[in-house]
1. Which of the strands (runs of 3 or more DSSP E) found entirely inside segment 36-100 contain at least 1 residues meeting this: of a type in the set (K, R), at pLDDT 80 or above and surrounded by 21 or more Cβ atoms within 10 Å (Cβ to Cβ)?
2. Within segment 59-83, count every residue that is closer than 13 Å to C15 by Cβ and under 32 Å from the mean Cα position of the chain (by Cα).
3. Working only within segment 396-415, note down all residues that are more than 13 Å from H475 (Cα to Cα) and of a type in the set (A, V, I, L, M, F, W, C).
4. Look through segment 349-376, keep the residues that are exposed (fewer than 14 other Cβ atoms within 10 Å of the Cβ) and among the charged types (D, E, K, R), and return whichever of them is modelled with the lowest pLDDT.
5. When you scan segment 234-249, how many residues do you find that are modelled with pLDDT under 80 and at negative phi?
6. Pick from segment 50-65 the residues that are among the hydrophobic types (A, V, I, L, M, F, W, C) and in contact with a strand residue (DSSP E or B) (Cβ under 7 Å, 6 or more places away or on another chain): which of them is farthest from F94 (Cα to Cα)?
7. Go through segment 215-229 and give me each residue that's in contact with an Asp or Glu (Cβ under 7 Å, 6 or more places away or on another chain) and farther than 20 Å from Q434 by Cα.
8. Enumerate the pairs (first residue in segment 76-95 and closer than 17 Å to N42 by Cα and in the same structural domain as D27 (by TED's automatic domain parsing); second residue anywhere and modelled with pLDDT of 85 or more and of a type in the set (S, T, Y)) with beta-carbon separation below 8 Å, excluding pairs fewer than 6 apart on the same chain, so at least 6 apart or on different chains.
Amino acid sequence: MKQFTSPTQGTALSCSPDGSILNVVSDGLGVFSHSSPVRDLNELVDEGSHEKLSLFLRHVHEESMAMGWEIAVRTRSTISTLFFFGVMQSDHVFIVISQPPETIISLYEQMLSIVNEQGVMLRQCQQALNAPHKSCADEEDLDSFMRLNNELINAQRELTLRNRMLTEEQERTRQLFELNPDALLVLSEGGEVITFNTAARKLFGNEITQTPESMRFKVPEAGESSIELCIPCESGKRVVECRSMEMEWERKKALLVSLRDITERKELDQLKEDVDRIARHDLKSPVGGILSLSRYLADQTEGDVSECASLIAQTSGTIMDMIDDSLSLYSMECGTYELKPEPVAMKKVVDQILVDNQVVSSAKNLDMAVHLDGEDLTFPGESTLYRSMLSNIVKNAVEAAPEQSTVTIRAQASDQDMVLTVHNYGAVPEPIRQTFFEKYATHGKRHGNGLGTYSARLIATTLGGSLSMQTSEEHGTTLSFSLAPPSE
């Protein structure tokens, strides 16, 4: 093993893929200034970093290059974390060890200084060989220097290519960041704004240089689901979806915050809700007239006419209930619904739900199993809400259940909780499992609107309880409504 010393602030060496040192090109860091010769990289590296060194060498051998590996190295009397850069050359690995660089450019400059230094040393050797009394040892030194210089030049070319690729990648990333239509902020650990894109400047104006707290919005925890925020901006209040994720910025921990302006979408949704609510309200008058007239005909006639009138009255009554329920749901979404709790007989509610689903359940030869804790079991709340919630749940269960299977409705009460469950042997499709209770979440239903489970959970919350779902291909699907028992 040949070893040469130089004033370069870095160490360059070549070794075999298993870490056996072949040549030390430069040792400006003094990692080889030990009393005894060092023949293996593991002798330089701290014991706790041996496994990381093995991974580094393996990565260089398999990928032809590795950069940015920080490994603990014994330098003189201390242990320092140094920056390793490796390039595969023929059957050996060329490695540059330096202090952690601020950027890849400083590593490139470090590499270039080693190459230039070796060029100077090579010229000095050539001049020495031209002098009288040249020896075999001088020729061996020259050959060694020439080989090492070639290795350095090859490594320099590789680093130049990688540096160009990295620069292009950085430029593409910068453009993606800058042209993203969402407002993007990069925050330091202390919450200060490090940088931002054009969309963020348009959203916040001159306040963009402040912290989120002073811009009057709260950043969600990294990795959490997006949250909706109403924030004051130069153009007025805007509604945004805000999410964040951890990242590194200039070798320090940072937070990337994304804010998507959804103000127009929320306004359109609100307009749609207003139109639907007005339309539902206006429908009550003509449906009410049909209901009254059909009831009158049922009372005043006999035979088929009376039966038809009764059926019309029953259907009209159902439509009126649906309109009332939809108007109640709107109040629940707005948080203005006033619950008037009273004991609700669960058997009566369940019996009505079974009648409503009789046609579909019979067509699929389903067994509708009901298990109640007593005929007089009651839950606190409003009967219309329980009927609407259970109707949506059971309707979904009947539609999803395999033919000739069982749909089970179970209600039980204890001192700790009151639970109502509906089970069927069908599994919720994978694409909507995570969004099962969200508005407009539907899959595979030709006429599905994705509001059944959404309204069911909204009603469950209004009743003071919670609605959850468990599903699997093996055990089917269970929806569980749980409620704390009323206080005495």
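The values are calculated or read from the model by the stated rules, or taken from the named source; none is laboratory data. Predicted, not measured: the structure shown is a model, and the values here were computed from it. Here the Cβ positions follow ideal geometry from the backbone for every residue, glycine too, while neighbour counts run over all protein chains shown.
1. none
2. Selection size over segment 59-83: 1.
3. Hits for segment 396-415 are A397, V398, A400, I409, A411, A413.
4. Looking at the filtered set, the residue picked out is E375.
5. Of the residues in segment 234-249, 2 are modelled with pLDDT under 80 and at negative phi.
6. Result: L53.
7. Selection gives M215 alone.
8. Hits for this filter: H92/S14; H92/S16; V93/S14; V93/S16; F94/S14; I95/S14.
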